[in-house]
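Following: one structure in C-alpha coordinates, then a few remarks.
The values are calculated or read from the model by the stated rules, or taken from the named source; none is laboratory data. Keep in mind it's a predicted model, so treat the numbers as computed, not measured. Glycine gets a Cβ as well: all are built from the backbone with ideal geometry, and neighbour counts include every protein chain shown. Quick note on the areas: whole protein, heavy atoms, side chains included, nothing else; ligands and nucleic acids left out. Shrake-Rupley method; radii C 1.70, N 1.55, O 1.52, S 1.80 Å.
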Amino acid sequence: MKVASFFGTRPEAIKMAPLVTALARTPGIHSVVCVTGQHRQMLDQVMDLFGLSADHDMAVMQPSQTLNGLFARVMAGADAILEQEKPDYVLVHGDTSTATACALAAFHRRIPVGHVEAGLRTGDLAQPFPEEMNRRVVDVVSDWMFAPTQTSRANLLAENLQGRIAVTGNTVIDALAALCTRLDTHPTLALSIAARYPWVQAQRRMLLVTGHRRENFGAGFESICCALASLAQRHPDLLIVYPVHFNPAVRSVVQAMLAGRDNIRLIEPLDYADFVWFMRHAYAILTDSGGVQEEAPYLGKPVLVMRDVTERPEAVAAGTVLLVGTQQERIVSQVERLLADPDHHASFARKINPYGDGHASGRIVQALLGQPLQEFMASPIPPAPAATVPVQQPA
Ligand code: UD1
Ligand code: UDP
(Lines give C-alpha, C1' and ligand atoms only; values in the text may rest on other atoms or scores of the structure.)
(Ligands and ions follow the chains in the order given, each with its own letter.)
Protein backbone atom coordinates (compact mmCIF):
# COMPACT_ATOMS: atom_id res chain seq x y z
CA MET A 1 0.00 0.00 0.00
CA LYS A 2 1.47 3.36 -1.02
CA VAL A 3 0.60 5.98 1.62
CA ALA A 4 1.36 9.64 0.86
CA SER A 5 1.46 11.93 3.91
CA PHE A 6 1.03 15.66 3.24
CA PHE A 7 1.96 18.37 5.74
CA GLY A 8 3.59 21.79 5.76
CA THR A 9 3.26 23.83 8.98
CA ARG A 10 5.12 23.46 12.27
CA PRO A 11 2.30 21.79 14.24
CA GLU A 12 1.48 19.37 11.41
CA ALA A 13 5.15 18.37 11.14
CA ILE A 14 5.43 17.75 14.90
CA LYS A 15 2.21 15.72 14.93
CA MET A 16 2.91 13.78 11.70
CA ALA A 17 6.57 12.98 12.52
CA PRO A 18 5.81 9.95 14.75
CA LEU A 19 3.24 8.64 12.25
CA VAL A 20 5.53 9.01 9.24
CA THR A 21 8.27 7.23 11.21
CA ALA A 22 5.87 4.39 12.08
CA LEU A 23 4.67 4.09 8.46
CA ALA A 24 8.25 3.86 7.18
CA ARG A 25 8.93 0.97 9.58
CA THR A 26 5.82 -1.02 8.64
CA PRO A 27 6.28 -3.92 6.21
CA GLY A 28 3.73 -3.73 3.41
CA ILE A 29 3.54 0.06 3.48
CA HIS A 30 5.45 2.30 1.08
CA SER A 31 5.51 5.69 2.76
CA VAL A 32 5.89 8.85 0.65
CA VAL A 33 6.48 12.15 2.48
CA CYS A 34 5.12 15.24 0.71
CA VAL A 35 5.65 18.67 2.26
CA THR A 36 4.05 21.87 1.06
CA GLY A 37 6.54 24.15 2.81
CA GLN A 38 3.64 26.34 4.03
CA HIS A 39 6.02 27.19 6.89
CA ARG A 40 9.54 27.20 5.52
CA GLN A 41 11.83 27.73 8.52
CA MET A 42 9.54 26.26 11.17
CA LEU A 43 8.87 23.13 9.07
CA ASP A 44 12.56 22.56 8.37
CA GLN A 45 13.41 22.79 12.10
CA VAL A 46 11.02 19.94 12.85
CA MET A 47 12.12 17.79 9.89
CA ASP A 48 15.74 18.06 11.09
CA LEU A 49 14.89 17.26 14.71
CA PHE A 50 12.96 14.08 13.82
CA GLY A 51 15.35 13.06 11.03
CA LEU A 52 12.67 13.26 8.33
CA SER A 53 13.33 13.93 4.67
CA ALA A 54 10.76 14.87 2.05
CA ASP A 55 10.22 12.92 -1.15
CA HIS A 56 8.41 15.98 -2.53
CA ASP A 57 8.67 19.63 -1.44
CA MET A 58 6.28 22.15 -3.00
CA ALA A 59 8.04 25.15 -1.41
CA VAL A 60 4.85 27.24 -1.51
CA MET A 61 5.60 29.75 1.27
CA GLN A 62 5.63 33.43 0.40
CA PRO A 63 6.04 36.34 2.82
CA SER A 64 2.64 37.51 4.12
CA GLN A 65 0.86 34.96 1.95
CA THR A 66 -2.88 35.33 1.48
CA LEU A 67 -5.16 32.42 2.31
CA ASN A 68 -6.39 32.11 -1.28
CA GLY A 69 -2.95 32.40 -2.86
CA LEU A 70 -1.57 29.78 -0.47
CA PHE A 71 -4.52 27.43 -0.95
CA ALA A 72 -4.26 27.62 -4.75
CA ARG A 73 -0.51 26.93 -4.77
CA VAL A 74 -0.90 23.96 -2.41
CA MET A 75 -3.76 22.45 -4.41
CA ALA A 76 -1.88 22.70 -7.70
CA GLY A 77 1.31 21.32 -6.13
CA ALA A 78 -0.51 18.41 -4.48
CA ASP A 79 -2.29 17.54 -7.71
CA ALA A 80 1.00 17.24 -9.60
CA ILE A 81 2.42 14.94 -6.90
CA LEU A 82 -0.71 12.77 -6.87
CA GLU A 83 -0.52 12.46 -10.67
CA GLN A 84 3.08 11.28 -10.42
CA GLU A 85 2.90 9.06 -7.30
CA LYS A 86 -0.61 7.63 -7.67
CA PRO A 87 -0.80 6.70 -3.96
CA ASP A 88 -3.39 4.27 -2.62
CA TYR A 89 -4.03 6.50 0.37
CA VAL A 90 -3.46 10.13 1.37
CA LEU A 91 -2.99 11.29 4.97
CA VAL A 92 -3.43 14.88 6.11
CA HIS A 93 -3.40 16.42 9.56
CA GLY A 94 -5.59 18.92 11.37
CA ASP A 95 -7.03 22.14 10.03
CA THR A 96 -4.52 24.13 8.01
CA SER A 97 -4.68 25.31 4.40
CA THR A 98 -2.17 22.55 3.61
CA ALA A 99 -4.45 19.87 5.07
CA THR A 100 -7.59 21.07 3.32
CA ALA A 101 -6.11 21.78 -0.10
CA CYS A 102 -4.31 18.39 -0.13
CA ALA A 103 -7.43 16.52 1.05
CA LEU A 104 -9.52 18.16 -1.70
CA ALA A 105 -6.87 17.42 -4.34
CA ALA A 106 -6.96 13.73 -3.32
CA PHE A 107 -10.76 13.70 -3.23
CA HIS A 108 -10.94 15.09 -6.78
CA ARG A 109 -8.71 12.22 -7.88
CA ARG A 110 -10.85 9.71 -5.95
CA ILE A 111 -7.96 8.76 -3.70
CA PRO A 112 -9.13 7.88 -0.16
CA VAL A 113 -8.16 10.37 2.54
CA GLY A 114 -7.28 9.70 6.18
CA HIS A 115 -7.70 12.66 8.54
CA VAL A 116 -5.38 12.68 11.53
CA GLU A 117 -6.82 14.76 14.41
CA ALA A 118 -10.39 14.58 13.10
CA GLY A 119 -13.52 15.85 14.83
CA LEU A 120 -12.29 18.93 16.72
CA ARG A 121 -15.00 21.58 16.73
CA THR A 122 -15.85 24.92 18.30
CA GLY A 123 -19.12 25.21 16.38
CA ASP A 124 -18.17 28.76 15.27
CA LEU A 125 -16.73 29.28 11.78
CA ALA A 126 -15.13 32.55 12.93
CA GLN A 127 -13.14 30.98 15.79
CA PRO A 128 -10.59 29.78 14.97
CA PHE A 129 -10.49 31.31 11.51
CA PRO A 130 -10.16 29.71 9.01
CA GLU A 131 -9.39 26.45 10.85
CA GLU A 132 -12.95 25.55 11.90
CA MET A 133 -13.98 25.55 8.21
CA ASN A 134 -10.85 23.64 7.22
CA ARG A 135 -11.35 20.74 9.59
CA ARG A 136 -15.03 20.37 8.75
CA VAL A 137 -14.24 20.22 5.02
CA VAL A 138 -11.50 17.62 5.54
CA ASP A 139 -13.81 15.42 7.61
CA VAL A 140 -16.52 15.58 4.91
CA VAL A 141 -14.15 14.05 2.31
CA SER A 142 -12.37 11.59 4.62
CA ASP A 143 -12.53 7.82 4.36
CA TRP A 144 -10.86 7.32 7.78
CA MET A 145 -11.24 9.88 10.58
CA PHE A 146 -8.68 9.42 13.34
CA ALA A 147 -10.34 11.15 16.28
CA PRO A 148 -8.01 11.93 19.19
CA THR A 149 -10.68 11.65 21.92
CA GLN A 150 -14.18 10.37 22.60
CA THR A 151 -15.37 13.99 22.47
CA SER A 152 -14.07 14.41 18.93
CA ARG A 153 -15.67 11.10 17.93
CA ALA A 154 -19.01 12.35 19.30
CA ASN A 155 -18.65 15.55 17.23
CA LEU A 156 -18.17 13.45 14.09
CA LEU A 157 -21.07 11.13 14.86
CA ALA A 158 -23.33 14.16 15.31
CA GLU A 159 -22.53 15.22 11.72
CA ASN A 160 -23.52 11.89 10.10
CA LEU A 161 -20.35 11.75 8.02
CA GLN A 162 -19.65 8.89 5.64
CA GLY A 163 -16.13 7.87 6.72
CA ARG A 164 -15.03 5.41 9.38
CA ILE A 165 -13.92 6.63 12.83
CA ALA A 166 -11.24 5.34 15.20
CA VAL A 167 -10.34 6.98 18.52
CA THR A 168 -6.54 6.92 18.50
CA GLY A 169 -5.33 9.63 20.90
CA ASN A 170 -3.41 12.59 19.52
CA THR A 171 -0.07 11.94 17.83
CA VAL A 172 1.28 15.10 19.52
CA ILE A 173 1.61 13.04 22.71
CA ASP A 174 3.66 10.44 20.78
CA ALA A 175 6.02 13.25 19.70
CA LEU A 176 6.12 14.90 23.13
CA ALA A 177 6.70 11.64 25.01
CA ALA A 178 9.56 10.79 22.63
CA LEU A 179 11.12 14.21 23.21
CA CYS A 180 10.77 13.96 26.99
CA THR A 181 12.45 10.55 26.92
CA ARG A 182 15.25 11.99 24.80
CA LEU A 183 15.74 14.88 27.24
CA ASP A 184 15.71 12.52 30.24
CA THR A 185 18.05 9.91 28.80
CA HIS A 186 20.53 12.28 27.15
CA PRO A 187 21.49 14.70 29.93
CA THR A 188 23.94 16.41 27.58
CA LEU A 189 20.99 17.42 25.35
CA ALA A 190 19.21 19.14 28.26
CA LEU A 191 22.51 20.72 29.37
CA SER A 192 23.25 22.05 25.90
CA ILE A 193 19.76 23.57 25.71
CA ALA A 194 20.18 25.12 29.18
CA ALA A 195 23.53 26.58 28.11
CA ARG A 196 21.82 28.46 25.27
CA TYR A 197 19.51 30.25 27.74
CA PRO A 198 21.63 31.18 30.79
CA TRP A 199 19.04 33.83 31.67
CA VAL A 200 16.52 31.10 32.60
CA GLN A 201 17.08 30.55 36.33
CA ALA A 202 15.46 27.89 38.48
CA GLN A 203 14.64 30.35 41.28
CA ARG A 204 12.93 32.89 38.97
CA ARG A 205 9.36 32.16 37.88
CA MET A 206 8.85 32.11 34.13
CA LEU A 207 5.73 32.79 32.10
CA LEU A 208 6.00 31.20 28.64
CA VAL A 209 3.91 32.91 25.95
CA THR A 210 2.93 32.03 22.36
CA GLY A 211 0.33 33.61 20.10
CA HIS A 212 -0.52 33.56 16.42
CA ARG A 213 -4.28 33.17 15.80
CA ARG A 214 -5.71 35.16 12.91
CA GLU A 215 -8.91 36.02 14.80
CA ASN A 216 -6.73 37.75 17.43
CA PHE A 217 -4.96 40.00 14.87
CA GLY A 218 -5.46 43.72 15.52
CA ALA A 219 -7.23 44.63 18.77
CA GLY A 220 -6.77 41.16 20.28
CA PHE A 221 -2.99 41.17 19.92
CA GLU A 222 -2.72 44.76 21.13
CA SER A 223 -4.67 43.86 24.24
CA ILE A 224 -2.49 40.75 24.82
CA CYS A 225 0.66 42.90 24.52
CA CYS A 226 -0.77 45.48 26.97
CA ALA A 227 -1.40 42.65 29.43
CA LEU A 228 2.18 41.39 29.10
CA ALA A 229 3.60 44.90 29.49
CA SER A 230 1.50 45.42 32.61
CA LEU A 231 2.54 42.07 34.13
CA ALA A 232 6.21 42.82 33.42
CA GLN A 233 5.94 46.19 35.13
CA ARG A 234 3.97 44.99 38.17
CA HIS A 235 6.17 41.89 38.70
CA PRO A 236 9.83 42.73 38.06
CA ASP A 237 10.79 39.32 39.51
CA LEU A 238 8.78 37.50 36.80
CA LEU A 239 10.52 36.50 33.55
CA ILE A 240 8.26 36.54 30.48
CA VAL A 241 9.59 34.51 27.53
CA TYR A 242 7.85 34.93 24.19
CA PRO A 243 9.10 33.04 21.12
CA VAL A 244 7.48 35.22 18.46
CA HIS A 245 5.80 33.48 15.51
CA PHE A 246 7.29 34.40 12.10
CA ASN A 247 3.99 35.77 10.78
CA PRO A 248 4.67 39.50 10.12
CA ALA A 249 1.15 40.35 11.31
CA VAL A 250 2.17 39.04 14.75
CA ARG A 251 5.77 40.27 14.76
CA SER A 252 5.07 43.89 13.92
CA VAL A 253 2.70 44.38 16.89
CA VAL A 254 4.73 42.38 19.40
CA GLN A 255 8.01 44.09 18.53
CA ALA A 256 6.47 47.56 18.54
CA MET A 257 4.74 47.10 21.90
CA LEU A 258 7.08 44.86 23.91
CA ALA A 259 10.68 45.26 22.72
CA GLY A 260 13.27 46.69 25.12
CA ARG A 261 11.74 45.63 28.46
CA ASP A 262 14.09 44.10 31.04
CA ASN A 263 11.99 41.11 32.02
CA ILE A 264 10.42 40.30 28.64
CA ARG A 265 12.51 38.15 26.30
CA LEU A 266 11.24 38.26 22.73
CA ILE A 267 13.03 35.42 20.98
CA GLU A 268 12.88 33.57 17.66
CA PRO A 269 10.52 30.56 17.36
CA LEU A 270 12.20 27.71 19.22
CA ASP A 271 13.20 24.29 17.96
CA TYR A 272 10.72 21.76 19.32
CA ALA A 273 13.26 20.22 21.76
CA ASP A 274 14.07 23.67 23.15
CA PHE A 275 10.38 24.55 23.40
CA VAL A 276 9.63 21.36 25.33
CA TRP A 277 12.50 22.26 27.68
CA PHE A 278 10.95 25.73 28.15
CA MET A 279 7.50 24.26 28.81
CA ARG A 280 9.00 22.01 31.50
CA HIS A 281 10.70 24.99 33.16
CA ALA A 282 7.73 27.35 32.94
CA TYR A 283 5.66 28.29 35.99
CA ALA A 284 2.67 28.78 33.69
CA ILE A 285 1.92 29.08 29.98
CA LEU A 286 -0.13 31.76 28.24
CA THR A 287 -1.07 30.79 24.69
CA ASP A 288 -3.60 30.70 21.87
CA SER A 289 -1.97 27.61 20.34
CA GLY A 290 -3.85 24.38 19.79
CA GLY A 291 -0.88 22.06 20.23
CA VAL A 292 0.34 23.72 23.42
CA GLN A 293 -3.13 23.20 24.99
CA GLU A 294 -2.66 19.47 24.39
CA GLU A 295 0.95 19.24 25.54
CA ALA A 296 0.89 21.27 28.74
CA PRO A 297 -1.58 19.04 30.66
CA TYR A 298 0.66 16.05 29.91
CA LEU A 299 3.55 18.01 31.47
CA GLY A 300 1.48 19.21 34.42
CA LYS A 301 1.74 22.89 33.47
CA PRO A 302 -1.11 25.37 34.02
CA VAL A 303 -2.31 26.93 30.78
CA LEU A 304 -4.24 30.14 30.30
CA VAL A 305 -5.72 30.17 26.80
CA MET A 306 -6.14 33.56 25.15
CA ARG A 307 -9.28 32.60 23.24
CA ASP A 308 -13.02 32.75 23.92
CA VAL A 309 -13.73 29.19 22.78
CA THR A 310 -11.67 26.06 22.31
CA GLU A 311 -12.07 22.91 20.25
CA ARG A 312 -10.08 21.14 22.97
CA PRO A 313 -12.49 21.15 25.93
CA GLU A 314 -11.09 18.05 27.67
CA ALA A 315 -8.38 19.81 29.71
CA VAL A 316 -10.70 22.73 30.49
CA ALA A 317 -13.14 20.21 31.96
CA ALA A 318 -10.29 18.61 33.91
CA GLY A 319 -9.33 22.00 35.34
CA THR A 320 -5.77 22.31 34.01
CA VAL A 321 -6.60 24.77 31.20
CA LEU A 322 -8.53 28.02 31.67
CA LEU A 323 -9.97 30.14 28.86
CA VAL A 324 -9.11 33.77 29.58
CA GLY A 325 -9.88 35.48 26.25
CA THR A 326 -7.81 38.44 25.06
CA GLN A 327 -8.98 41.18 27.41
CA GLN A 328 -6.06 42.82 29.21
CA GLU A 329 -7.66 42.95 32.68
CA ARG A 330 -8.68 39.31 32.66
CA ILE A 331 -5.29 38.06 31.48
CA VAL A 332 -3.51 40.13 34.15
CA SER A 333 -5.83 39.09 36.95
CA GLN A 334 -5.66 35.37 36.08
CA VAL A 335 -1.86 35.35 35.82
CA GLU A 336 -1.63 37.26 39.10
CA ARG A 337 -3.90 34.74 40.79
CA LEU A 338 -1.58 31.92 39.69
CA LEU A 339 1.42 33.90 40.99
CA ALA A 340 -0.14 34.81 44.32
CA ASP A 341 -1.91 31.62 45.28
CA PRO A 342 0.23 28.44 45.38
CA ASP A 343 -2.83 26.28 46.04
CA HIS A 344 -4.58 27.68 42.99
CA HIS A 345 -1.42 27.01 40.97
CA ALA A 346 -1.19 23.47 42.35
CA SER A 347 -4.79 22.76 41.41
CA PHE A 348 -3.90 23.47 37.76
CA ALA A 349 -0.52 21.76 37.81
CA ARG A 350 -1.71 18.15 37.70
CA LYS A 351 -0.35 15.79 35.11
CA ILE A 352 -3.23 14.45 33.04
CA ASN A 353 -3.40 12.89 29.60
CA PRO A 354 -6.83 13.48 28.10
CA TYR A 355 -5.27 13.81 24.63
CA GLY A 356 -3.16 10.69 24.23
CA ASP A 357 -0.98 7.95 25.68
CA GLY A 358 1.90 7.99 23.19
CA HIS A 359 0.50 5.18 20.99
CA ALA A 360 -1.69 7.10 18.53
CA SER A 361 0.56 6.49 15.50
CA GLY A 362 0.54 2.71 16.03
CA ARG A 363 -3.26 2.72 16.15
CA ILE A 364 -3.50 4.71 12.93
CA VAL A 365 -1.18 2.28 11.13
CA GLN A 366 -3.26 -0.67 12.40
CA ALA A 367 -6.44 0.96 11.13
CA LEU A 368 -4.90 1.58 7.70
CA LEU A 369 -3.87 -2.08 7.51
CA GLY A 370 -7.39 -3.19 8.46
CA GLN A 371 -6.18 -4.70 11.75
CA PRO A 372 -8.29 -4.62 14.92
CA LEU A 373 -7.16 -1.94 17.35
CA GLN A 374 -7.70 -1.07 20.97
CA GLU A 375 -8.96 2.51 21.02
CA PHE A 376 -7.44 5.22 23.21
CA MET A 377 -9.12 5.69 26.57
CA ALA A 378 -8.19 8.77 28.59
CA SER A 379 -6.95 7.91 32.07
CA PRO A 380 -9.17 9.04 34.95
CA ILE A 381 -8.51 12.61 36.05
CA PRO A 382 -6.83 12.74 39.48
CA PRO A 383 -8.70 14.85 42.04
CA ALA A 384 -7.52 18.40 42.64
CA PRO A 385 -5.49 18.81 45.84
CA ALA A 386 -7.60 20.01 48.75
CA ALA A 387 -7.33 23.75 49.33
CA THR A 388 -5.21 24.52 52.38
CA VAL A 389 -6.16 28.18 52.56
CA PRO A 390 -9.20 28.83 54.76
CA VAL A 391 -12.31 29.39 52.67
CA GLN A 392 -13.78 32.81 53.46
CA GLN A 393 -17.25 32.62 54.94
CA PRO A 394 -19.81 35.19 53.77
CA ALA A 395 -20.22 37.97 56.29
C1 UD1 B 1 -0.74 28.62 10.01
C2 UD1 B 1 -2.11 27.89 9.93
C3 UD1 B 1 -2.71 27.77 11.32
C4 UD1 B 1 -1.74 27.14 12.30
C5 UD1 B 1 -0.43 27.92 12.29
C6 UD1 B 1 0.58 27.24 13.16
C7 UD1 B 1 -3.52 28.20 7.96
C8 UD1 B 1 -4.51 29.06 7.27
N9 UD1 B 1 -3.02 28.66 9.11
O10 UD1 B 1 -0.97 29.96 10.39
O11 UD1 B 1 -3.87 26.96 11.24
O12 UD1 B 1 -2.29 27.16 13.59
O13 UD1 B 1 0.08 27.95 10.95
O14 UD1 B 1 1.68 28.06 13.41
O15 UD1 B 1 -3.19 27.15 7.46
N16 UD1 B 1 6.32 32.58 8.11
C17 UD1 B 1 7.69 32.55 7.90
N18 UD1 B 1 8.37 31.40 8.19
C19 UD1 B 1 7.77 30.30 8.69
C20 UD1 B 1 6.37 30.35 8.91
C21 UD1 B 1 5.67 31.49 8.61
O22 UD1 B 1 8.28 33.52 7.47
O23 UD1 B 1 8.42 29.29 8.94
C24 UD1 B 1 5.57 33.84 7.80
C25 UD1 B 1 5.40 34.09 6.30
O26 UD1 B 1 5.48 35.48 6.07
C27 UD1 B 1 3.97 33.59 6.05
C28 UD1 B 1 3.30 34.01 7.33
O29 UD1 B 1 4.26 33.73 8.36
O30 UD1 B 1 3.40 34.16 4.90
C31 UD1 B 1 1.99 33.33 7.65
O32 UD1 B 1 2.10 31.92 7.55
P33 UD1 B 1 0.76 31.04 7.27
O34 UD1 B 1 1.15 29.61 7.23
O35 UD1 B 1 0.04 31.58 6.10
O36 UD1 B 1 -0.16 31.34 8.52
P37 UD1 B 1 0.07 31.11 10.06
O38 UD1 B 1 -0.43 32.33 10.74
O39 UD1 B 1 1.45 30.66 10.30
N1 UDP C 1 6.29 25.08 19.35
C2 UDP C 1 7.65 25.03 19.05
N3 UDP C 1 8.39 26.19 19.15
C4 UDP C 1 7.83 27.37 19.53
C5 UDP C 1 6.45 27.42 19.82
C6 UDP C 1 5.69 26.26 19.71
O7 UDP C 1 8.18 23.97 18.71
O8 UDP C 1 8.57 28.37 19.61
C9 UDP C 1 5.48 23.84 19.20
C10 UDP C 1 4.54 23.49 20.34
O11 UDP C 1 5.17 22.70 21.33
C12 UDP C 1 3.42 22.73 19.64
C13 UDP C 1 3.39 23.37 18.26
O14 UDP C 1 4.63 24.05 18.10
O15 UDP C 1 3.74 21.35 19.46
C16 UDP C 1 2.23 24.32 18.15
O17 UDP C 1 2.36 25.09 17.00
P18 UDP C 1 1.54 26.42 16.77
O19 UDP C 1 1.21 27.06 18.07
O20 UDP C 1 2.31 27.22 15.77
O21 UDP C 1 0.23 25.91 16.02
P22 UDP C 1 -1.20 25.37 16.52
O23 UDP C 1 -0.98 24.19 17.40
O24 UDP C 1 -1.89 26.51 17.20
O25 UDP C 1 -1.88 25.02 15.24
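Looking across Val241, Val253, one residue alone is in contact with a Lys or Arg (Cβ under 7 Å, 6 or more places away or on another chain) and either more than 16 Å from ligand 1 (Cβ to nearest atom) or of a type outside the set (Ser, Thr, Tyr) (or both). It is Val241.
Could you give me the residue pairs with C-beta distances under 9 Å whose first residue belongs to segment 184-198 and is under 15 Å from Ile267 (Cα atoms), whose second residue is outside any helix (DSSP H, G or I) and charged (D, E, K, R) wherever it lies, and which are 6+ apart or on separate chains? Correct list of pairs: Ile193/Asp271; Tyr197/Arg265. Scanning for something touching a helix residue (DSSP H, G or I) at 6+ places or on another chain (Cβ under 6 Å) and closer than 19 Å to Ala175 by Cβ, does segment 248-268 turn up at least one residue? No, segment 248-268 contains no residue that is touching a helix residue (DSSP H, G or I) at 6+ places or on another chain (Cβ under 6 Å) and closer than 19 Å to Ala175 by Cβ. The set of residues in segment 304-328 being assigned to a loop (DSSP other than H, G, I, E, B) and in contact with a strand residue (DSSP E or B) (Cβ under 8 Å, 6 or more places away or on another chain) consists of Met306, Arg307, Asp308, Val309, Thr310, Arg312, Thr320, Val324. Among the helices (runs of 4 or more DSSP H) confined to segment 172-266, the ones with at least 1 residues that are more than 22 Å from the chain's Cα centre (by Cα), buried (at least 18 other Cβ atoms within 10 Å of the Cβ) and on the phi < 0 side of the Ramachandran plot are located at 219-234, 248-258.
Contact map, segment 29-51: residues that are closer than 24 Å to His245 by Cβ and at pLDDT 95 or above paired with residues that are within 12 Å of ligand 2 (Cβ to nearest atom) and of a type in the set (Asp, Glu), Cβ distance under 7 Å, separation 6+ or inter-chain. Pairs shown: Gln45/Asp271; Leu49/Asp271. Scanning segment 300-339 for residues that are among the acidic types (Asp, Glu) and closer than 25 Å to Ala219 by Cα gives Asp308, Glu311, Glu329, Glu336. The requirement of being in a helix (DSSP H, G or I), buried (at least 17 other Cβ atoms within 10 Å of the Cβ) and within 16 Å of ligand 2 (Cβ to nearest atom) is fulfilled nowhere in segment 75-95; no residue meets it.
Scanning segment 267-303 for residues being among the charged types (D, E, K, R), touching a residue at least 40 places away in the same chain (Cβ under 8 Å), within 11 Å of ligand 2 (Cβ to nearest atom) and assigned to a loop (DSSP other than H, G, I, E, B) gives a total of 2. Between Pro63, Pro18, Pro112, the distinction of being open to solvent by less than 60 Å² (accessible area, probe 1.4 Å), more than 28 Å from Thr181 (Cβ to Cβ) and at pLDDT 95 or above belongs to Pro112 only.
Results for (1) outside any loop (DSSP other than H, G, I, E, B); (2) surrounded by 15 or more Cβ atoms within 10 Å (Cβ to Cβ); (3) acidic (Asp, Glu); (4) in contact (Cβ under 8 Å) with a residue 60 or more places away in the chain, shown as yes or no for each residue.
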site: Arg330; (1), (2), (3), (4): yes, yes, no, no
site: Leu339; (1), (2), (3), (4): yes, yes, no, yes
site: Asp343; (1), (2), (3), (4): yes, no, yes, no
site: Lys351; (1), (2), (3), (4): no, no, no, no
site: Tyr355; (1), (2), (3), (4): no, yes, no, yes
site: Ser361; (1), (2), (3), (4): yes, yes, no, yes
site: Val365; (1), (2), (3), (4): yes, yes, no, yes
site: Pro372; (1), (2), (3), (4): no, no, no, no
site: Pro380; (1), (2), (3), (4): no, no, no, no
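Can you confirm whether Asp55 is more than 8 Å from ligand 1 (Cβ to nearest atom) and either in contact with a strand residue (DSSP E or B) (Cβ under 7 Å, 6 or more places away or on another chain) or open to solvent by 70 Å² or more (accessible area, probe 1.4 Å) (or both)? The answer is yes for Asp55.
Identify all residues within segment 142-164 that are in a strand (DSSP E or B) and buried (at least 22 other Cβ atoms within 10 Å of the Cβ); write none if there are none. Answer for segment 142-164, where residues must be in a strand (DSSP E or B) and buried (at least 22 other Cβ atoms within 10 Å of the Cβ): Met145, Phe146, Ala147. Within the option set Phe71, Phe50, being aromatic (Phe, Trp, Tyr) and more than 14 Å from ligand 2 (Cβ to nearest atom) holds for one residue only, Phe71. Scanning segment 31-47 for residues that are within 16 Å of ligand 2 (Cβ to nearest atom) and polar (S, T, N, Q), which turns out surrounded by the most Cβ atoms within 10 Å (Cβ to Cβ)? Looking at residues that are within 16 Å of ligand 2 (Cβ to nearest atom) and polar (S, T, N, Q), I get Thr36. If you filter segment 278-289 down to residues that are in contact with a Leu (Cβ under 9 Å, 6 or more places away or on another chain), closer than 22 Å to Val254 by Cβ and open to solvent by 10 Å² or more (accessible area, probe 1.4 Å), you find that the one that is nearest to ligand 1 (Cβ to nearest atom) is His281. Could you go through segment 3-22 and let me know if any residue there is within 13 Å of ligand 1 (Cβ to nearest atom) and on the phi > 0 side of the Ramachandran plot. Looking through segment 3-22, none of the residues is within 13 Å of ligand 1 (Cβ to nearest atom) and on the phi > 0 side of the Ramachandran plot.
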